[in-house]
Amino acid sequence: MDLESVLEEIGEFGKYQQIKYYLLCIPVFFGAANSLSYVFTAGHQHYRCLIPECESTETAVFNAKWITHAIPGEIQLDGFFKIDHCNRYRYNDNASQMQSNKYGEICSIQSFLNETIRCDEFVFDHSGSFTILEEFKITCEENEWKLAFVGTAHFLGVIVGSLWMVLGDSIGRKITLIISTFFMSITGIIQALSTSYEMFVVSAFLNAIGISGIFPLAFVLGLEIVGKNKRGVAGIVCNYFYAIGVAVLGVIAWFYDHWVMLQLLISIPPMILFIYIWIVPESVRWLLSKKRNSEALHIIRKAAKCNGVELSDASVKMFIDQDACQFNSERNQRKEIFEALIKMITSKTMLIRIIILLYNFAINALVYFGLSLNSVTLSGNKYFNFILVSIVEIPGYYFGYIIIEKFGRVAGFTISMILCGITCILCGYADVVWIQIALFLIGKLGITCSFSIIYVHATEMMPTIIRSSCIGFFATMSRIGALFSPFAIFVEKYYKPLPYIIFGVLAIFGGIIYVYLPETLNRKLPNIVEESIALGSKTDEDECEVPLNHNRVENKNLNIRKSSVNETVIR
């Protein structure tokens, strides 16, 4: 079935495809908002020790004027006094009595000794966000891991959620997308109604399972009805919706600072997307693969009518008359895949390339999500910083697309990673707020560019017969890297710039070793392992003939080369 010629006939990205494609971007928008909601629902909240000698639980005010006398702390870059959350100065009863008689005050600087003690009662700051930290009393250093573990539970759920793609291949892209979206919505509501920390973590894990299926399923479903020359643009638009969804999350959190309200606002609306059962079509390619040609033809006819095109008799005939091509038996296909895997892992060249790719997939995810999570710890307004860091992804995706077409995959990735690494290190030592934020944004732009490049490049280096398996393996490694991103902030207690130094050094090293990989710009996609090995060597003949039995697969995959497949799997 030459579906590409049919799409060219009805319009590669006509009115019909545009309407359906933008509808598919809506669940991506909500999935993006849910994917990082824990940054605010399980985020840090300011609190301090209750000073019973100076206040009561009922009358306590977080920013009392005598705080600097009673609680140790330090002045931050933005001029705010950062207090110690769980320690206070010991109260001096004798000095207090003398001070009270002389000045009528009992909480002046003379009322406290230069000796710290632990406290077990707290006053929370209600001028900012209300998070699960206060809800479930997750206070002090010994409990900080609980907040970070929410992020880890999320990424564990994302790993488990990889099974959505298997289900999508079995029962269809559309129904699987609807199920995963509904599952995300229900578990998000349960998360908002949690009555304990344990319930919140379990629901966050389940919520991530639903989220992880939305982006790849919507991405694939949208691109499979778009013509080959429009897939690059379509892919970028899908990523734009993801970035905008994350940015809107920051806006909502800014205005609705209670974690329950925030979670409900991003979880309830997606429930209405069940109407996609009637308004979004199934993937034509999937229907054809399941030999449901009459259904596929019905969708193509609707698309042609909407686009103002009359479908030719020749195209209709293609759907009705199955061509008589012979395909390998399932047993032979499994044998070929197994043999290809053996050749891959026994080739020194391919093994080194795979190791370099695995490292960079893991580091990309670690730095990407590490910077997203750390954005709320920067000096200044945490909501504004989070929104900026999210919006900067939009030019990041665009620059990534331009760079790989102009300078190539290897140079583009290396430049992006080194740029990210240098700015991360400088950000750790910046002592001016606006300079720190500017460096942070440049670093996020760099890692977004590299993320958009590595999926394309890895796809072009792997042989057709095991390409999907290889990309799935690399994506799993990226999720493992993302698992550690919530804990990166803990190293700050040992040395404040250390998280940024770690991000920077790992990124620079990844960019340097990436130059070992072959350039694939304007190269034909390798069909077999030997062609993958030959990439970048003297025997790499770009104009070589493609084996006849691979023509169908080659033609299909050449169309995917420029599509923005970044984060199709990680999200």
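The values are calculated or read from the model by the stated rules, or taken from the named source; none is laboratory data. Quantities reported herein were computed from a predicted structural model and do not represent experimental measurements. All Cβ positions, even for glycine, are placed from backbone atoms using ideal geometry, and neighbour counts span all protein chains on display. SASA here: full protein model, heavy atoms, side chains in, ligands and nucleic acids out. Shrake-Rupley method; radii C 1.70, N 1.55, O 1.52, S 1.80 Å.
Here's the yes/no breakdown for (1) open to solvent by less than 10 Å² (accessible area, probe 1.4 Å); (2) over 28 Å from TRP259 (Cα atoms); (3) at pLDDT below 80; (4) not hydroxyl-bearing (Ser, Thr, Tyr):
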position: ALA153; (1), (2), (3), (4): yes, no, no, yes
position: GLY161; (1), (2), (3), (4): yes, no, no, yes
position: GLY172; (1), (2), (3), (4): yes, yes, no, yes
position: THR181; (1), (2), (3), (4): yes, no, no, no
position: THR195; (1), (2), (3), (4): no, no, no, no
position: GLY210; (1), (2), (3), (4): yes, no, no, yes
Quiz item: For the range 31-48, which residues satisfy the criterion of being surrounded by 24 or more Cβ atoms within 10 Å (Cβ to Cβ) and assigned to a strand (DSSP E or B)?
Solution: ARG48
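Can you work out which of the residues in the range 252-275 that are β-branched (Val, Ile, Thr) and open to solvent by 60 Å² or more (accessible area, probe 1.4 Å) is nearest to SER185 (Cα to Cα)?
We begin by selecting, within the range 252-275, every residue β-branched (Val, Ile, Thr); these are 252, 260, 266, 268, 272, 275.
This time we only want the ones that are open to solvent by 60 Å² or more (accessible area, probe 1.4 Å), so: 268, 272, 275.
Working: ILE268: 6, ILE272: 10, ILE275: 14 Å.
Per the criteria, the residue is ILE268.
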Quiz item: Is the range 392-412 home to any residue that is of a type outside the set (Lys, Arg), open to solvent by 30 Å² or more (accessible area, probe 1.4 Å), touching a helix residue (DSSP H, G or I) at 6+ places or on another chain (Cβ under 7 Å) and not in a helix (DSSP H, G or I)?
Solution: no
Quiz prompt | Every residue from the range 527-543 that is at pLDDT below 80 and either crowded, with 20+ Cβ neighbours inside 10 Å or not in a loop (DSSP other than H, G, I, E, B) (or both) | solution = ASN527
Self-check item: Residue that is farthest from THR181 (Cα to Cα), among those in the range 12-21 that are touching a residue at least 40 places away in the same chain (Cβ under 8 Å) and either assigned to a helix (DSSP H, G or I) or open to solvent by 20 Å² or more (accessible area, probe 1.4 Å) (or both)
Solution: GLU12
Quiz item: Can you name the helices (runs of 4 or more DSSP H) wholly within the range 276-380 that have at least 1 residues being open to solvent by 50 Å² or more (accessible area, probe 1.4 Å) and modelled with pLDDT under 85?
Solution: 284-289, 313-320, 330-346
Self-check item: Boolean, ILE480 is surrounded by fewer than 24 Cβ atoms within 10 Å (Cβ to Cβ) and either modelled with pLDDT under 75 or among the β-branched types (Val, Ile, Thr) (or both)
Solution: yes
Quiz item: What are the residues in the range 255-275 that are among the aromatic types (Phe, Trp, Tyr) and assigned to a helix (DSSP H, G or I), if any?
Solution: PHE255, TRP259, PHE274
Exercise. Look at VAL28 and say whether it is crowded, with 19+ Cβ neighbours inside 10 Å, in a helix (DSSP H, G or I) and modelled with pLDDT under 90.
Key: no
Quiz item: When you scan the range 170-207, how many residues do you find that are in contact (Cβ under 8 Å) with a residue 60 or more places away in the chain and among the charged types (D, E, K, R)?
Solution: 2
Quiz item: Between a first residue in the range 429-445 that is closer than 20 Å to TYR368 by Cβ and a second residue that is of a type in the set (Gly, Ala, Ser), which pairs have beta carbons less than 6 Å apart while being 6 or more apart in sequence or on different chains?
Solution: GLN436/ALA430; LEU439/ALA430; LEU445/GLY396
Practice problem: Would you please list the contacts, defined by Cβ atoms under 6 Å and residues six or more apart or on different chains, that run from a residue in the range 360-388 that is closer than 12 Å to GLY443 by Cβ to a residue that is among the polar types (S, T, N, Q)? | Solution: GLY370/SER485; SER375/ASN385; LEU378/ASN385
Exercise. For the range 413-425, enumerate the residues that are buried (at least 19 other Cβ atoms within 10 Å of the Cβ) and either charged (D, E, K, R) or out of contact with any Cys (no Cβ under 7 Å at 6 or more places or on another chain) (or both).
Key: PHE413, THR414, MET417, ILE418, LEU419, CYS420, GLY421, THR423, CYS424, ILE425
